[in-house]
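Trainee: Provided herewith is a single structure, encoded as structure tokens, for subsequent inquiry.
The values are calculated or read from the model by the stated rules, or taken from the named source; none is laboratory data. This structure is a prediction, so every number in the text was calculated from the model and none was measured. No Cβ is skipped: glycine too gets one built from the backbone with ideal geometry, and neighbour counts run over all protein chains shown.
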Amino acid sequence: MTRTRQQKRDADAGIAPPAPAPAPKRKRRTKKAPPPIEPAAKAKLVRVLASEPFFLREISSALVYRDVTSLSLVDKGADALLSKPENSDAWKPFVTALDTWKSFGKIDEAQKSLMEQHYGFRKICATLASGSCAECGGGGAYINALSCERTCLGCWSCRDCGEHGTEGAQRSQMCSPGYAKTHFLITDTDIKKCAMLHIDDATKAHGLMNAKMRAILVRDAQKLAIARHGSLDAVEATKAIRHAKSMETYRAKIEALEAPLADKIAAFEDRKAKAEDKYAASLAAWTALTATKDPTNVLKAGTRPWRQFYESRPRAEGKYPKKPSDLGSSWNFLARNQRARCLQNVGEKYGLHKVHPKELTRRVKDAPVFVVTESTDEAAIKEQFSSHGSVKGFGENIFEVTHKAQPGATIVVAMKCDLRKAATSCASDKRSRVAGEYGASVGGSDQNHCLMLDDELTIIGMPGSCLYSDTACIWAQGEFVQLENLRLRTQPPDSPGDDDRSPCLVLSGSGRTVMKNCTVELGSGGGMTVLTHSKCHIRDSSMINFGHAPGSATLHFEDDATLAPPDVVLTGNTFAWHGPESIFPHGIFTGAETDEAQTEEFRRQLQDSQNTTTRARSRETKYVFLAVSRNDPAAPPVAIQPKQSARGLLGELLSSSGAPQIAAMAAGMALMANADANTPVSDLLAKLAKRSDIETSPLDGEAAAPWLYVASRPDAPRPHPLTTIGELEAPEPYVDTSMHGQYMPARKVLYLIDERTASEPMVIE
């Protein structure tokens, strides 16, 4: 390292060398600024619409609601223009179109005016277009006029507001203006800014003295309190200070009144302390105080000695001051009674209206979901079904799971549900959804194994899932029930002389039902697949009836039913039934007294709505059996495939590369095959299902609907069609002693009888 002479002299003198100069900063290349963008509020379209609001109304009238909403989403200026109160009428034409069930028009005019003036038509349209509860995110079949939001019955009930109705601030929680002023320290001027509902309830279900009252939202009162005091904590602090001052004044007044009686009060308290119990204390006080004629004593002759001691306390002459109420002791009776049935029965007076949406929707983030599954891994279940919402509960028994579900929730069925087993094994305290508990019946047939739905609920079926029973699968009588991707199958018991009229699905009550992408099947018998005794919208679904008795139909309407929209909408459905082609249009019973003109009009509506009709047919499934020689157990099994259709003909002899021959007999619907005598039935069937080929051939309309039968001989009695393999007793193998037995050693023979619909099997375990 070289140094200059000056640096050497500085080093000898002890002078530190100067710090090195910093390296010059490298200049960054600045990006070229983008050209200025014209603000949305100054866009040409917005400028024109702003200057001529008439054009905005004209354009809106020519568009659908979705297009106008899209305009407000892509252009901030258009959104600001459409949000102005003076342009609220531009949204008014959409109200009628969005009112799918024509329910909004039935709201009281005063309450509709409240929503129009306080919230505007844009808010009303957004509420009508939505199908989810504004609070929990689940399905909402009601509209709260006071908040102009959708709600479910569970959230409107405000069950989390506490015993006094003072806890929380749910979106539908109401209170009186007097309570708001006392509890939140706001004024009448502040309350005038809130949406206020005028109530006239002769039943006084609100819990107050007068029939007439006013109501506001608690959350609106909170907002006003925060605007006035800064925060809710400041409100509580102010209330605590005011209460302390009131108590101080009260104690001073009491002390001034009772000072002349200090000696008597001390003696009184002394007797109270020496008494062994309250009765003794009261008796001692009564004896001592009634023996004197002191005018300050309030106890008179004949006063009950068992009164509480404080009631016998000496009182001074003069009026005692009223003690201030304790903090937190006030009641919000209106919110407390929102959970009561008596108030819900007159809910229209309190702003609760049944305004049904086109369909129930869910906010995925917080919508309550309950899952019917065989899995027990909670973390895996929550992850698997997170696309539907927040999983709140799960279980294997559908009745118990639905029992826990609150109104507006979604039930996801992810397994095959035997409703007979589920209803029998359901816990006694969770049977609120078992229809048999209510004595439900159809045509004299008890519906004991039926799922009863009496709230607004959504039930979604996952691929491979189903509900099956020997009675109706679902009885929907709730305010709004939505069924999606479900498969329902009912096979009434085949008892001699018993004409079971059980349907597969019952829609009843004053509510609404939406069904889409569902398959509803009814086995042999004379019943109806679906009893449509309530207003319903059915889309892209299949209604199948395999019954061949007269009167079997896919849908059954009451005689006085309104078959026109919006009460009934049938779009893109398939109707299949066994009955004659001309029995009903599309296999639908439209009423015994329906005139021909109405029937033809209904038929035209069905055809115009892409509905199709067909014949319900079954098919026979032929399995390839694996025959094992009894004489040579070590020999590999031989695949035996019957070549004859099961129509009562003798099968021909089959052979396979020198293997032992076996006869395939057909007796009715029976198929004969060989099996080792030591092979359990379950193992054989499992082997058949996994390792054999399947051939199918269609049968005529006389073939019965479902499902699987196992028997030891062709003429053996058949179990109930819904019986699963696991429920069957292992039959005794049948020894073939027919004339065909001479061609082969004696073998054990098992008859497998399969009468299955064209759909995939679903009952086999």
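Trainee: Can Gly509 be described as small (Gly, Ala, Ser), touching a His at 6+ places or on another chain (Cβ under 9 Å) and assigned to a loop (DSSP other than H, G, I, E, B)?
Mentor: For Gly509, the condition - small (Gly, Ala, Ser), touching a His at 6+ places or on another chain (Cβ under 9 Å) and assigned to a loop (DSSP other than H, G, I, E, B) - is met.
Trainee: What number of residues within region 530-560 are within 24 Å of the chain's Cα centre (by Cα) and among the polar types (S, T, N, Q)?
Mentor: We begin by selecting, within region 530-560, every residue within 24 Å of the chain's Cα centre (by Cα); these are 530-543.
Imposing the further condition that a residue be among the polar types (S, T, N, Q) reduces the set to 532, 534, 541-542.
Number satisfying all stated conditions: 4.
Trainee: Moving on to the next point. If a residue must be crowded, with 21+ Cβ neighbours inside 10 Å and small (Gly, Ala, Ser), how many such residues does region 391-422 contain?
Mentor: So the count comes out to 4.
Trainee: For region 329-418, which helices (runs of 4 or more DSSP H) that fit wholly inside it have 2 or more residues that are within 20 Å of the chain's Cα centre (by Cα) and hydrophobic (A, V, I, L, M, F, W, C)?
Mentor: So the answer is 398-404.
Trainee: Mind telling me which of the residues Ala211, Ala221, Ala205, Ala234 ends up being at pLDDT 95 or above, under 28 Å from Asp326 (Cα atoms) and either in contact with a Lys or Arg (Cβ under 8 Å, 6 or more places away or on another chain) or surrounded by 13 or more Cβ atoms within 10 Å (Cβ to Cβ) (or both)?
Mentor: Ala221
Trainee: Which of the residues spanning region 458-473 are within 30 Å of His353 (Cβ to Cβ) and surrounded by fewer than 24 Cβ atoms within 10 Å (Cβ to Cβ)?
Mentor: Of everything in region 458-473, just one residue is within 30 Å of His353 (Cβ to Cβ) and surrounded by fewer than 24 Cβ atoms within 10 Å (Cβ to Cβ), namely Ile460.
Trainee: If you don't mind, there's one more thing I want to ask. For residues that are in a strand (DSSP E or B), polar (S, T, N, Q) and within 16 Å of the chain's Cα centre (by Cα), tally how many sit in region 419-462.
Mentor: Total satisfying the criteria: 1.
Trainee: Which number in (1) modelled with pLDDT of 85 or more; (2) surrounded by fewer than 16 Cβ atoms within 10 Å (Cβ to Cβ) marks the one condition that Arg339 misses?
Mentor: Checking Arg339 against (1) modelled with pLDDT of 85 or more; (2) surrounded by fewer than 16 Cβ atoms within 10 Å (Cβ to Cβ), the one that fails is (2).
Trainee: On to the next question. Which of the numbered conditions does Met528 fail, given that it passes all the others? Conditions: (1) at pLDDT 90 or above; (2) surrounded by 14 or more Cβ atoms within 10 Å (Cβ to Cβ).
Mentor: Met528 satisfies all of (1) at pLDDT 90 or above; (2) surrounded by 14 or more Cβ atoms within 10 Å (Cβ to Cβ) except (1).
Trainee: Continuing with the same structure: Based on this model, can you work out whether Ser60 counts as more than 30 Å from Val346 (Cα to Cα) and either surrounded by fewer than 16 Cβ atoms within 10 Å (Cβ to Cβ) or modelled with pLDDT of 95 or more (or both)?
Mentor: Judged against the criteria, Ser60 is not a match.
Trainee: Assess whether Met452 counts as being surrounded by 15 or more Cβ atoms within 10 Å (Cβ to Cβ) and farther than 19 Å from Gly527 by Cβ.
Mentor: no
Trainee: If you don't mind, there's one more thing I want to ask. Going residue by residue through region 114-134, is there one that turns out to be more than 30 Å from Leu327 (Cβ to Cβ), assigned to a loop (DSSP other than H, G, I, E, B), touching a helix residue (DSSP H, G or I) at 6+ places or on another chain (Cβ under 9 Å) and touching a residue at least 60 places away in the same chain (Cβ under 8 Å)?
Mentor: yes
Trainee: Hey, any hits in region 503-520 for a residue that's closer than 22 Å to Ala141 by Cβ, of a type in the set (Val, Ile, Thr) and free of Cβ contacts under 8 Å to residues at least 60 places away in the same chain?
Mentor: yes
Trainee: Does Tyr142 qualify as being of a type in the set (Phe, Trp, Tyr) and closer than 26 Å to Leu360 by Cα?
Mentor: The answer is yes for Tyr142.
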